[in-house]
Amino acid sequence: MAPRVPDQVPSDATPTASKADAAPTLYQDVDEEALREKTSRHLLYYGTAFNKDVICGAKGLYIYTASGRKILDWTSGQMSCLLGHGHPEVVRTIADHAASLDHLFSGMVSPPVVSLGARLCSLLPPGLDKAFFLSTGGESNEAAIKMAKVFTGRFEIVGLGGSWHGVTAQALGTQYHFGRRGQGPLVPGMHMLPPPNAYRSVFRAPDGSYDWEAELDHGWRMIDMASCGSLAACIVEPIQSSAGMHVLPPGYLRALKAHCERRGMLLIADEAQTGVGRCGDLVAILREGVTPDILTLSKTLGNGLPLSAVVTSAAVERVCVERDYCFYTTHVNDPLPAAVGDKVLEIVVRDGLVARSRELGRVLHAGLRKLESRYGCIGDVRGRGLMAGVEIVADRTSKVPDLDTAKRIGDRAYELGVWANLSSHPSFGGTFRIAPPITITREQLELGLQILEEAFATTPGSQPLYLSGT
């Protein structure tokens, strides 16, 4: 089950997207106030307040505001622009296919779709041998959940507390982070395991360490009592990003797979954010040596374009064909986004970006740990590769989330030139989610860390420990 991807950074590998980024000029003369007024008048609320700035450009590692500010994008857009904004090879691929091979009847096949399927499956462990391609992560999880139900002939799905799998009906039904209220009954048969939160879990061994095994066994006992005997699948993110960048403990995924096998269930791994190298492995499951029955990818695969994947075994496919599985959509296996996904995988492998993500991830986490040693408001730093969470608390003893201080620090960092996602919603617990493009240079990484240091140093309530000599 070893990855089939080169694991060394070529000595001459310098990602194209890391070159000096000139400000795009496409929208350089817009009237920002007029755009804000039209935003308020015409754009419909969909669950978030809009950022005050109008973004008029994105290039490489940076986004550009209408007022001319240049901001280091440490969330890769919506955690998606794996290779940075406007990567020249991706741009060329889009232009070529927009001109010559963009969209087809859903039953047709084209070279970029075949190439992406072959390349993707060749990089994954045996048992993940066949794929089809959709538009969003929620859509791919919807397809995977339906596939598990059709394959098993059952309907109950297990998710983890703090999970985020999408806003379509079945994906939302097994999502336990946000978005469930105000719509009446959700899809029946959904169950929740306790979230694997090493920082806050009440499950502790006698030495105070996190006892995830006891927590996981307890969760399954609860599910067995609640189940009507129709358990079909469990869906899991190897790193729970929306919950605050919580990494599954070593051994957790293997134990979860064993629990599923004992109950005749499938295991679905949702690698929307961890996939394609960001976590320091091509896909996060490789670190544990566990092959899920179904793997979903999105976000990073399309480098910001709408592209997702469902990957499974020929054995699962065979049963689903016999039982009339259908997930036929307008944009299934579209050639243009598939060509982009194929190009993204080519670049990641060719330029050794998996190892680069792992190497620079160590730099990122060392820098964040240094901040933790200097500011008492940082309760926890966690993550893997170029994914990191920084949780802000009122004090380290009570661990009470300090959303106000977190927001002030985030606003200050943005003012100074770094965008690091922070939701003010209490379910996030005041955690910064950091996930820059994996084409980031060490210099850009260190610059971002310096800006974060200044943001903490100049924000009231950050509790600077160095002033007291501790």
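The values are calculated or read from the model by the stated rules, or taken from the named source; none is laboratory data. It should be emphasised that the depicted structure is a prediction, and the values quoted were computed from it without experimental measurement. For neighbour counting, all protein chains shown are included, and Cβ atoms are generated from backbone atoms with ideal geometry for every residue, glycine included. Ligands, DNA and RNA are stripped out before the accessible areas are found, and what is left, the full protein with its side chains, is counted by its heavy atoms. Shrake-Rupley method; radii C 1.70, N 1.55, O 1.52, S 1.80 Å.
So what's the gap between the Cα centers of the range 90-160 and the range 204-256, to the nearest angstrom? With the range 90-160 and the range 204-256 each reduced to a Cα centre, they are spaced 27 Å.
Per the Cα gyration tensor, the range 133-204 maps to an equivalent ellipsoid with semi-axes of 22, 14, 13 Å, ordered largest to smallest.
The equivalent ellipsoid that matches the C-alpha gyration tensor of the range 338-430 spans semi-axes of 31, 16, 12 angstrom, in descending order.
Taking only protein heavy atoms and a 1.4 Å probe, the accessible area of the range 50-135 is 60% carbon and sulfur. Packing, taken as the mean count of other beta carbons within 10 Å per residue, orders the peptides 170-182, 102-114 from highest to lowest as 170-182, 102-114. In a reduced charge model with +1 at each Lys and Arg Cβ and -1 at each Asp and Glu Cβ, the range 69-190 shows a dipole moment near 320 debye about its Cα centre. Between the residues GLY341, ASN303, GLY182, the greatest Cα displacement towards the positive end of the dipole of the chain, with unit charges on the Cβ of Lys, Arg, Asp and Glu, is found for GLY182.
A straight Cα-to-Cα reach below 30 Å connects LYS149 with the lysines LYS130, LYS257, LYS299, residues fewer than 8 places away in its own chain not being considered. In the range 204-316, Cα pairs under 8 Å separated by at least six residues give a relative contact order of 20 percent. Summary value for the range 306-423: 13 percent relative contact order, contacts being C-alpha pairs under 8 angstrom separated by 6+ residues. Rounded to the nearest Hz, the phi-derived 3J(HN,Hα) couplings of the range 300-309 under the Karplus curve 6.51 cos²θ - 1.76 cosθ + 1.60 (θ = phi - 60°) are 5, 5, x, 6, x, 7, x, 8, 9, 9, where x marks glycine and proline.
Determine the dipole magnitude for the range 166-272: charges of +1 sit on the beta-carbon of Lys and Arg, -1 on that of Asp and Glu, nothing else is charged, the reference point is the Cα centre, and the result goes in debye to the nearest 20.
With Lys and Arg at +1 and Asp and Glu at -1, about 260 debye.
Packing, as the average of other Cβ atoms within 10 Å across residues, places the peptides 68-75, 186-193, 55-62, 231-238 in the order 231-238, 55-62, 68-75, 186-193, highest first.
At 222 nm, what value in deg cm²/dmol follows for the chain if DSSP H runs of at least 4 each add -39500 (n - 2.57) and the sum is divided by all its residues, to the nearest 500?
-11000 deg cm²/dmol
All Cα-Cα separations within the range 233-333 were binned at 10 Å from zero, giving a P(r) of 14, 43, 32, 10, 0, each value a whole percent of the pairs. Amide H contacts of LEU266 (H built 1.01 Å from N, in plane; Pro and chain starts excluded): ALA233, CYS234 sit under 5 Å, all sequence-distant by 5 or more or on other chains.
Relative contact order, whole percent, for the chain stands at 21, derived from Cα pairs under 8 Å and 6 or more residues apart. Counting only DSSP beta bridges with both residues in the chain, the antiparallel share comes to about 65 percent. Positive end of the dipole of the range 30-165 (Cβ unit charges, origin at the Cα centre): among VAL90, SER140, GLY68, the Cα lying farthest that way belongs to SER140. Our summary of shape: the Cα atoms of the chain have principal axis extents of 64, 63, 52 Å, ordered from largest down, in whole angstrom.
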